[in-house]
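One structure below.
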């Protein structure tokens, strides 16, 4: 029960890594606010969490809209009275498109979800963290936070940007009790990677894709007191794919 009596907001929580993280947080005692755009999946996840004896609510939200993110924060405070953990897990891929192949509207959409949304969420939650003198933010990166290749032009740009944003948040607010780190998964079994034939699997020392539950365990660690001396860290869980690259 590493997260007992804590409240977590999980953006991008209705599938894949976000769903696994929401459930893992609940299993560790947290009260969870699951957000996403799929109401059916959101309600399914909430039922699974509450059926196990934990507390959770679903709030439908478009993470590119500041007003909807603020509504999530307001509903979290109304339901549970506090916020302790912000998990920014919403994200999309660009199907490995180069700058020549990518249309401007596709670029704008990806950057709005992958980069602007974590900024909007942090901006909405940090004032509450400052009032309480503590809080944890976990941004979700990728192998693309370190190198080219795991995505296309927009995706690589977005994940490098999230890494820089994470570092600056940690620099600005670490002294005020707020820890901010970036969790960078590798090739994980999830809706985002479904159907992608990826030769990288042959080059991963672990020789397999990761499981959402494995990433969720790391998300628990980064949200818990066990990681209190970690600030601005880029933590890879990728089966060793980045080794030597």
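Every number here is computed from the coordinates shown, using simple stated rules; none is lab data. Since this is a predicted model, take the numbers as computed values, not measurements. Glycine also receives a Cβ, built like all others from the backbone with ideal geometry; neighbour counts cover every protein chain displayed.
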Counting pairs of alpha carbon atoms under 8 Å apart in space and at least six apart in sequence, what relative contact order in percent does the chain give?
20
How large is the Kirkwood hydrodynamic radius of the stretch 7-237, counting all unique pairs of alpha carbons, in Å?
17.6
Can you give the angle from 0 to 90° between the axis of helix 39-51 and the longest principal axis of the chain, with both taken from C-alpha atoms, to the nearest 10?
60
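What FRET efficiency do you get for residue 213 and residue 148 if R0 is 22 Å and r is their Cβ-Cβ distance, rounded to the nearest 0.05?
0.15
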Under the 0.36 nm per residue contour assumption, what length would be gained going from the current alpha-carbon distance of residue 38 and residue 64 to full extension?
7.9 nm
Can you pull a Stokes-Einstein diffusion coefficient for the stretch 1-131 at 4 °C (1.567 mPa s), Rh from Kirkwood over Cα pairs, as a whole number of µm²/s?
86
If you rank 31, 75 by fewest surrounding Cβ atoms within 10 Å, what's the result?
75, 31
What FRET efficiency, computed as 1/(1 + (r/R0)^6) with R0 = 22 Å and r the Cβ-Cβ distance, is obtained for residue 132 and residue 168, rounded to the nearest 0.05?
0.55
Pick from 204, 49, 188: which residue has the top mean-square fluctuation in a GNM of the chain where Cα pairs under 10 Å get a spring?
204
Per-q log10 I(q)/I(0), the stretch 196-245, q = 0.14 Å⁻¹ (Debye; single scatterer per alpha-carbon; no solvent)
-0.46
Expressed as an acute angle from 0 to 90° and rounded to the nearest 10, what is the orientation of the C-alpha long axis of helix 212-223 relative to the principal long axis of the chain?
50
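Starting with the fewest neighbours, write out 96, 107, 25 ranked by other beta-carbon atoms found within 10 Å of each beta-carbon.
Ordered from fewest to most neighbouring Cβ atoms within 10 Å, 96, 107, 25 come out as 96, 107, 25.
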In a Gaussian network model over the chain where Cα atoms closer than 10 Å are linked, find which of 228, 202, 27 has the largest mean-square fluctuation.
202
In a Gaussian network model over the chain where Cα atoms closer than 10 Å are linked, find which of 100, 110, 120 has the largest mean-square fluctuation.
100
State the percent of C-alpha pairs, over all pairs in the stretch 62-165, separated by a distance greater than 18 angstrom.
50
Can you give me the distance in nm between label points at residue 47 and residue 92, each placed 7 Å from the Cα along the Cα-to-Cβ direction?
2.8
How far apart, in nm, are the 7 Å Cα→Cβ label points at residue 201 and residue 230?
2.8
